[in-house]
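The values are calculated or read from the model by the stated rules, or taken from the named source; none is laboratory data. Fair warning: this is a prediction, and the values are worked out from it, not measured in the lab. So basically every Cβ, Gly included, is an ideal-geometry build from the backbone, and we count neighbours across all protein chains shown.
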């Protein structure tokens with residue numbers, strides 16, 4: 001798989017697709033057009049938890065339709081991302097999500113610039129599509 005074949009979505013990328021009134025939905029749709037959308041198990045679990053806790057009924061319905069269109073991949077982070085030192089910016093599940101995209105050789109769509117900058121500060125440059133954040137509106 002190459003960066004042109006698929007896009008790895010983190011929780012913020014998935015939220016951008018389904019949040020009510022999302023200003024980034026069009027941007028994300030244009031970016032992923034013609035590519036497979038992937039989510040690793042950790043990203044999907046984080047997203048489902050966010051939907052359960054923060055999304056309203058319209059967003060929950062949109063999330064179900066969205067999840068029917070993505071390809072689920074097992075967690076499989078690259079060694080170089082897993083070797084990053086834990087810091088305020090680089091920690092836990094993000095290492096697995098970004099590391100899985102890195103191992104697959106695909107772009108990760110994210111609003112998490114903190115992680116991207118933290119990894120770069122440790123010498124690991126990630127292939128990302130950085131987009132503005134979106135939040136659930138509870139509708």
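Here residue 15 meets each of (1) at pLDDT 95 or above; (2) in contact with a helix residue (DSSP H, G or I) (Cβ under 6 Å, 6 or more places away or on another chain); (3) closer than 17 Å to residue 131 by Cα with one exception, condition (2). Taken together, the criteria exclude residue 23 from residues that are touching a residue at least 24 places away in the same chain (Cβ under 8 Å), out of contact with any strand residue (DSSP E or B) (no Cβ under 6 Å at 6 or more places or on another chain) and surrounded by 21 or more Cβ atoms within 10 Å (Cβ to Cβ).
Per-residue answers, yes or no, for (1) surrounded by 13 or more Cβ atoms within 10 Å (Cβ to Cβ); (2) within 18 Å of residue 14 (Cβ to Cβ); (3) without any contact (Cβ under 8 Å) to a residue 12 or more places away in the chain:
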| position | (1), (2), (3) |
| --- | --- |
| 45 | yes, yes, yes |
| 50 | yes, yes, no |
| 53 | no, yes, yes |
| 57 | no, yes, no |
| 78 | yes, no, no |
| 86 | no, no, yes |
| 89 | yes, no, no |
| 134 | yes, yes, no |
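Scanning the stretch 55-79 for residues that are out of contact with any strand residue (DSSP E or B) (no Cβ under 8 Å at 6 or more places or on another chain) and under 15 Å from residue 106 (Cα atoms) returns 77, 78.
Within the bounds of the stretch 99-114, is there any residue that is over 13 Å from the mean Cα position of the chain (by Cα), over 16 Å from residue 9 (Cβ atoms), touching a residue at least 24 places away in the same chain (Cβ under 8 Å) and surrounded by 21 or more Cβ atoms within 10 Å (Cβ to Cβ)? So far as the stretch 99-114 goes, no, none of its residues is over 13 Å from the mean Cα position of the chain (by Cα), over 16 Å from residue 9 (Cβ atoms), touching a residue at least 24 places away in the same chain (Cβ under 8 Å) and surrounded by 21 or more Cβ atoms within 10 Å (Cβ to Cβ).
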